[in-house]
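Student: First the structure, which I've put down as structure tokens, then a few questions once you've had a look.
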Amino acid sequence: MFWSKTGFLSTVKCRIAVGYALLFALSFGVVFTTVYFYWRLSHLETMDRKLSVFLNEFAYEYLTGREFDTTFGAVPFKRVPEAALRIIERKIDGFSPLSAFRNVGDEQQFTLLGTQGGRLCRLRLNLADESFEAEIMKHAGHAGFLQKEFNSETYGEGRGQTFFLLLSPEREVLASSPFAPQLLAFLREFDYRPGQESVQYTIIRPGRHNLRLAYQRQYDGTILAIGGSLHAMDESLDRLIAIFCITGIPILLIGALVGWLLARRFVSGIDRVCRAADVIAAGDYSLRVHSAGEGSEIDHLIRTFNRMVGNTETLMNEQRNISDNIAHDLRTPLTRILGRAELAASGRQELEIYQNTVADIGEECYRMLNLINMMLEISRTESGAVEITRSRFDFRAMLRRSAELFSMPAEQKHQKLTLRLPETPVLVCCDQQKLQQVAANLLDNAIKFTPEGGAVDVELSVCDGEIRFSVADTGCGIREEERPEIFKRFYRADNSRSLPGNGLGLSLVSAIVTAAGGSITVEAVLPRGSRFTVRLPGLLAK
Ligand code: ADP
């Protein structure tokens with residue numbers, strides 16, 4: 001089972017699916033909470049506006065014993081214009097305001113209720129013509145009048161929706177709309193904030209449903225309280241929660257599904273790489289993963305993986321070729337050694353034959369040893385394990401000595417060996433022995449692969465702090481497609497198979513030049529031949 005094999009819960013797909021589900025749930029939760037509180041707040045605001053209108057109206061009627069003129073609306077004192085306050089100050093001494101009302105149709109007309117010297121006073125003023133009228137009201141406390149108003153408003157509002165109550169400072173009921181006894185008891189006991197303050201709003205729960213309560217202490221100490229049922233609001237909020245719960249589960253599942261599908265799409269590239277890695281681990285290096293455009297990171301992973309497998313395949317093939325070549329190169333001399341040894345052991349021979357046999361065996365052994373040593377040296381040079389002994393020497397003199405060493409074989413083949421060197425010494429700081437190996441190998445090859453009567457040109461120059469030396473010949477040349485190959489171990493071009501060699505010389509040259517920070521290139525020379533150029537930057541002695 002997939003579950004038990006890989007541990008489904010620990011897969012990236014599962015984790016992303018869970019992450020998405022949580023993200024969806026969180027976003028949904030945030031949206032829901034915002035909607036919930038916005039809805040609740042706007043409901044309460046509407047309710048508060050309604051209650052405050054009632055409260056102002058009833059406070060006016062209770063204090064004045066007169067019906068409230070509905071063309072006026074209550075305004076906070078800070079919104080009463082300065083000009084109006086100055087007129088009042090001028091006209092009437094020691095007036096302390098209780099409430100202010102402004103004509104809705106004519107904003108210049110104000111009515112203010114207040115006290116002056118302990119008496120209730122009503123002011124009417126018109127800012128347009130500065131007309132002013134003050135009236136001392138009969139002592140406040142028109143509870144009977146208010147009761148009638150309560151009754152008619154309760155009738156208008158509908159029973160059970162809005163409640164009105166006027167309590168004396170001792171919590172006796174002075175006037176009230178019809179009340180359930182339990183609610184009445186609750187409101188009488190309620191902890192009203194002390195002092196004569198602005199309208200207070202709160203939510204109470206005297207029974208099964210919540211109520212919004214607005215109350216205000218009047219200047220004579222009575223408490224005018226008005227309540228509105230929040231039952232409808234609570235019901236709609238409960239419905240909202242139910243909708244949230246019902247839609248929340250599918251949204252959670254949709255989130256998980258979206259996450260899982262997305263993860264499956266993006267992880268499919270990694271899956272393909274894993275499956276390919278399994279096949280490759282079993283030994284098939286020919287497999288490559290195709291890119292399906294799952295995103296640049298996955299494409300990059302696939303490209304890098306394919307490159308890695310390609311390199312490993314090339315390396316494995318090279319290793320195999322090298323092993324084959326070593327086996328081949330060792331088998332020939334070993335077979336020869338065996339043949340000679342068997343011949344020598346087959347019967348009594350003359351001493352000279354034994355001596356020749358031993359000498360031949362020694363020579364074969366020397367060749368094999370040479371081959372093994374060269375391989376080791378190439379590996380060590382490539383890996384940087386060889387210690388480079390730097391010394392200061394004249395590159396020009398070193399090249400001249402190498403050419404002298406090869407002048408004899410060149411002469412034997414009637415070849416013209418030309419040296420083109422700078423006029424002055426070229427002082428360098430490097431491993432002289434290694435560079436000598438480079439020059440010797442290139443000269444050896446040039447003479448070897450050039451027929452009798454040909455020419456070999458050695459040239460040394462210094463350009464922009466870079467030593468450049470080349471060996472050109474008029475030999476058999478190298479086919480273009482074979483040029484990059486000749487620096488690989490044991491590679492021998494087709495047209496050179498008949499000549500002696502093991503295909504390791506140029507590998508060693510390339511390893512030494514690379515280790516010294518330089519480069520080697522090969523090009524064709526017209527009409528026939530090749531030119532090897534070695535570039536060595538930064539070796540000039542200071
Ligand atoms: P070897 O000379 O022992 O065969 P090298 O590594 O020196 O091995 O050279 C590798 C191959 O490169 C040679 O076998 C030959 O085919 C080719 N080669 C090298 N130098 C020359 C040259 N000057 N002219 C033509 N072919 C060359």
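The values are calculated or read from the model by the stated rules, or taken from the named source; none is laboratory data. Remember, it's a predicted structure, so these values are computed and weren't measured experimentally. Cβ atoms come from the backbone with ideal geometry, glycine included; neighbour counts cover every protein chain shown. Only protein heavy atoms, including side chains, enter the accessible area calculation; ligands, DNA and RNA are left aside. Shrake-Rupley method; radii C 1.70, N 1.55, O 1.52, S 1.80 Å.
Student: May I ask you to list the residues in region 480-504 that are part of a loop (DSSP other than H, G, I, E, B), more than 10 Å from the ligand (Cβ to nearest atom) and not polar (S, T, N, Q)?
Tutor: PRO484
Student: Would region 472-488 turn up any residue that is surrounded by fewer than 19 Cβ atoms within 10 Å (Cβ to Cβ), within 51 Å of the chain's Cα centre (by Cα) and closer than 19 Å to ILE388 by Cβ?
Tutor: no
Student: Could you list, in sequence order, all residues of region 408-420 that are touching a strand residue (DSSP E or B) at 6+ places or on another chain (Cβ under 6 Å) and either open to solvent by 40 Å² or more (accessible area, probe 1.4 Å) or closer than 15 Å to LEU536 by Cβ (or both)?
Tutor: Matches in region 408-420: LYS416, LEU417, THR418, LEU419, ARG420.
Student: Do you know which of the residues in region 21-42 that are in contact (Cβ under 8 Å) with a residue 40 or more places away in the chain and open to solvent by 70 Å² or more (accessible area, probe 1.4 Å) is nearest to the chain's Cα centre (by Cα)?
Tutor: Across region 21-42, the extreme among qualifying residues is LEU23.
Student: I'd like to verify a number: residues in region 429-446 that are open to solvent by less than 10 Å² (accessible area, probe 1.4 Å) and within 12 Å of the ligand (Cβ to nearest atom), how many?
Tutor: Of the residues in that region, 4 qualify.
Student: On to the next question. Take the conditions in contact (Cβ under 8 Å) with a residue 24 or more places away in the chain, within 15 Å of the ligand (Cβ to nearest atom) and touching a strand residue (DSSP E or B) at 6+ places or on another chain (Cβ under 8 Å) and apply them to VAL426. Does it pass?
Tutor: Spelling it out, it is not the case that VAL426 is in contact (Cβ under 8 Å) with a residue 24 or more places away in the chain, within 15 Å of the ligand (Cβ to nearest atom) and touching a strand residue (DSSP E or B) at 6+ places or on another chain (Cβ under 8 Å).
Student: How many residues does region 115-134 hold that are within 29 Å of SER176 (Cβ to Cβ) and not small (Gly, Ala, Ser)?
Tutor: Counting residues in region 115-134 that are within 29 Å of SER176 (Cβ to Cβ) and not small (Gly, Ala, Ser) gives 5.
Student: Could I ask something else about it? Looking for whichever is in contact with a helix residue (DSSP H, G or I) (Cβ under 9 Å, 6 or more places away or on another chain), among the basic types (Lys, Arg) and at pLDDT 85 or above here; the options are ARG124, ARG171. Which one fits?
Tutor: Just a single option satisfies the conditions, and that option is ARG171.
Student: Hey, another quick one. Is it the case that SER507 is more than 11 Å from the ligand (Cβ to nearest atom), among the small types (Gly, Ala, Ser) and touching a Phe, Trp or Tyr at 6+ places or on another chain (Cβ under 7 Å)?
Tutor: Considered against the rule, which asks whether it is more than 11 Å from the ligand (Cβ to nearest atom), among the small types (Gly, Ala, Ser) and touching a Phe, Trp or Tyr at 6+ places or on another chain (Cβ under 7 Å), SER507 comes out as no.
Yes/no matrix, rows are residues, columns are (1) among the acidic types (Asp, Glu); (2) modelled with pLDDT of 85 or more; (3) within 20 Å of ARG497 (Cβ to Cβ); (4) surrounded by 13 or more Cβ atoms within 10 Å (Cβ to Cβ):
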site	(1), (2), (3), (4)
ALA327	no, yes, yes, no
PRO333	no, yes, yes, yes
GLY339	no, yes, no, no
ALA344	no, no, no, yes
ARG348	no, no, no, no
ASN356	no, yes, no, yes
ASP360	yes, yes, no, yes
ARG367	no, yes, yes, yes
